[in-house]
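Structure, as structure tokens:
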Amino acid sequence: MKKTLLTSALSFALVTGLTACGGEEESNGENGSASEGEDTEEAAENGEESGGEATSEDATYTIEAGIGLNNKHPQYKGLLEFKEIVEEETDGDVFVETYHSSQLGDDREMMESLQLNTQEVTIPSTAPIANFVEEFTVFDFPFLFPNEQVADQVLDGEIGDRLLGKLEEEEMVGLAYWENGFRDVTNSQHPVETAEDFEGLTLRTMENDLHLDAFSELGANPTPMAFGELFTAMQQGTVDGQENPLATIYLESFYEVQDYYSDTHHVYSPFVFLMSKQFYDGLPDEYQTIVEDAAVEAGEFQREQNRKANEEHLSNLEEEGMEITEVSDEARAEMKEIVQPVIDDYAEEIGADFVDEVYQAVEDAQENVEEEE
Ligand code: TK8
């Protein structure tokens, strides 16, 4: 909580102070602006706000877009790509203000802001979304997706579309799936090589009952917590560890407070690009198409950025002194067997027939991917 409050206080001071002297480019939170001549995609790749021509004063519509991760993460680079496309395609008539590092709140709070139309865009993981539309739980079933290619096909196919459609009942519009990635475990106590090593570890989990129950089944002590509070909790020893994809572990500097990394790959986490339904419905049809296409195009860019850096993140973690443990397929199979009763319970809860369809879609996608190889 202290880190979040500090971040919010800092960004509030930055926005208030700079806006008072008309620094409109700083009104997007803590974005640096691209150096002269740096093109926008290059700026996006560097996680920097480009020195774009558009300003909120010229725009009819302003999108406040907030995420929990910092501006080094591919999720923020993707958001800058979205900003660039939308402002270009609408000649600045739609302006996008970007905020990172939980400046606008945590995932749940930002989704509630979308429901109230006090914020227009956020891009959370599916796990917290499951608290609004329970069928999204299925994407957090441990070991559901064998690889990114299968995940892309299922998420971008009929099953993914069907779930996005359910968000409208919650006053949100789902425009695209982006990539958080395969989640791995870090902790400060000892290497995690097999299921037994979870015994007694206090692990922060996302605010999602399936994650809580699965890690309890593995013998850990799961603690649900908003992402913005996680670093401080690890720093103070409130939790021994956490689980997130490599990009987050490295780019959020978890190596400063964690000693052991294990590539459990226990869940593939999608992000969902969410927009306030009230705001979306108020856009002219032409602009609705532009934001839809921009979310998909920026998502393809973000997935590619996320994947291409994973090997580098892993070697960086080792260089920063983390002990790297490779988890065997046998150990993963044992973990899956242990949590299977939890998966079965949630399958019943969200609809066994629907879950069967998802597993069938995974199987079909796997065959497609193998044929394409
Ligand atoms: C960032 C979170 C993060 C997620 C988590 O806002 O909470 O651990 O993996 O990416 O959404």
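Values in this text are rule-based calculations from the coordinates and carry no lab data. Just so you know, these numbers come straight off a predicted model, no measurement behind them. Virtual Cβ from ideal backbone geometry, glycine too; neighbours counted across all protein chains shown.
Some notes on this structure:
- If you take the Cα centroid of region 54-109 and the Cα centroid of region 310-373, the two points sit 31 Å apart.
- Scanning residues 5 or more positions from Thr62 or on other chains, those with amide H under 5 Å from its amide H are Phe95, with H placed 1.01 Å from N in the peptide plane.
- Simple Cβ-charge dipole of region 203-313, Lys/Arg +1 and Asp/Glu -1, about Cα centre, in debye nearest 20: 180
- Interchain or long-range residues, amide H under 5 Å from Leu201's placed H: Asn221
- Charge tally around Ile63: other residues with Cβ under 9 Å, Lys/Arg +1 each, Asp/Glu -1 each, net -2.
- Counted by Cβ distance under 9 Å from Ala226, the other residues give a net charge of -4, where Lys and Arg count +1 and Asp and Glu count -1.
- Scanning the chain for DSSP H helices at least 18 Å long along the axis (C-alpha atoms) with a Kyte-Doolittle mean no lower than 0.5 picks out 2-20.
- Approximate spin-label separation Val369-Glu169, in nm, with each point projected 7 Å along Cα-to-Cβ: 3.0
- In whole percents, the pair-distance distribution calculated for region 62-182 from its alpha-carbon pairs, binned every 10 Å from zero, is 13, 41, 38, 8, 0.
- Value of [θ]222 nm, deg cm²/dmol, for the chain, DSSP H segments ≥ 4, -39500 (n - 2.57) each, nearest 500: -14500 deg cm²/dmol
- Cross-link check: pairs Lys83/Lys277; Lys277/Lys308; Lys72/Lys336; Lys277/Lys336; Lys77/Lys166 evaluated at a Cα-Cα cut-off of 30 Å; pairs beyond the cut-off: Lys277/Lys308; Lys72/Lys336; Lys277/Lys336.
- As a calculated quantity, the FRET efficiency between Val296 and Asn316 at R0 = 35 Å, using C-beta atoms, amounts to about 0.70.
- Shape box of the chain [Cα atoms, principal axes, largest first, Å]: 58, 43, 39
- Report note on the peptides 143-150, 220-227: ranked by the mean count of other C-beta atoms within 10 Å, highest first, their order is 220-227, 143-150.
- Amide hydrogen neighbours beyond the local backbone of Asn70, cut-off 5 Å, H modeled: Ser101
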